[in-house]
Amino acid sequence: FLFLFFSFIIMYSKSEAAEIRKNFWMAFDTYSRKHLGPKRKWILYNTGIKDFVMKFEINRQFARVMIAFENKDENKRFDNFLKLKEYELLYIDILGEDWIWDEHFTNDSGKIVCALYKQIDNVNIYRKNDWGIIFEFFALNMLKLEQTFEEVKPFIEDYIKQN
């Protein structure tokens, strides 16, 4: 029984794992060109709003697309998130209902943030057969997230300036 269990676990050295991750992101960049065009890039950290980021996250268990407020001040972070949540119906209209609003999300570096995200489970960055599913999930959902963000961005910016 243990042999069967361990035969399915593939271990990589640090350098092998880093090379796989690098290849994943390079392949995703190539895939992204058909959705973004040759010159445009994903917004991600360049949202134009301080402490407000969009992210792709991937590991051995899941892939996630998210938008998050990462301000260290819990009150500011929560207030800005509530302002974003005022546009929940617009987000649902564009994104669909299967996104999660989480005021106390622990991100991959252990910080508490406020986040809106969607994820798929049982995908693995180290399983190349999963890459197509992950690429499609990332591209389609980030495009929708960016589209919605562009619509609400002026309202979020005004709110932050006033507070």
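The values are calculated or read from the model by the stated rules, or taken from the named source; none is laboratory data. Quick caveat: nothing in here was measured; it's all calculated off a predicted structure. In this analysis, Cβ positions are derived from the backbone assuming ideal geometry, glycine residues included, and neighbour counts consider all displayed protein chains. All accessible areas refer to the heavy atoms of the entire protein, side chains included, with ligands and DNA or RNA removed. Shrake-Rupley method; radii C 1.70, N 1.55, O 1.52, S 1.80 Å.
Of note:
- The number of residues in the range 89-108 being farther than 16 Å from VAL65 by Cα and out of contact with any strand residue (DSSP E or B) (no Cβ under 7 Å at 6 or more places or on another chain) comes to 3.
- Filter result (closer than 24 Å to PHE135 by Cα and among the aliphatic types (A, V, I, L, M)) within the range 69-125: ILE92, ILE94, LEU95, ILE100, ALA115, LEU116, ILE120, VAL123, ILE125
- Any hit, the range 142-157, residues being under 14 Å from the mean Cα position of the chain (by Cα), within 30 Å of LYS14 (Cα to Cα) and crowded, with 18+ Cβ neighbours inside 10 Å: yes
- Scope the range 71-118; condition in contact with a Cys (Cβ under 9 Å, 6 or more places away or on another chain) and either touching a residue at least 60 places away in the same chain (Cβ under 8 Å) or surrounded by 17 or more Cβ atoms within 10 Å (Cβ to Cβ) (or both); matching residues: ASN71, ARG77, ASN80, PHE81, LEU84, PHE105
- Members of the range 116-139 that are over 30 Å from SER15 (Cβ atoms) and out of contact with any helix residue (DSSP H, G or I) (no Cβ under 8 Å at 6 or more places or on another chain): TYR117
- Subset tally (residues that are open to solvent by less than 70 Å² (accessible area, probe 1.4 Å) and free of Cβ contacts under 8 Å to residues at least 12 places away in the same chain) for the range 18-28: 2
- Any hit, the range 142-162, residues being within 18 Å of LYS85 (Cβ to Cβ), free of Cβ contacts under 8 Å to residues at least 40 places away in the same chain and of a type in the set (D, E, K, R): yes
- Pair list, Cβ < 7 Å and 6+ apart or interchain, from the range 119-136 residues that are within 15 Å of PHE56 (Cα to Cα) to residues that are surrounded by 14 or more Cβ atoms within 10 Å (Cβ to Cβ) and among the acidic types (Asp, Glu): VAL123/ASP130; ASN124/ASP130
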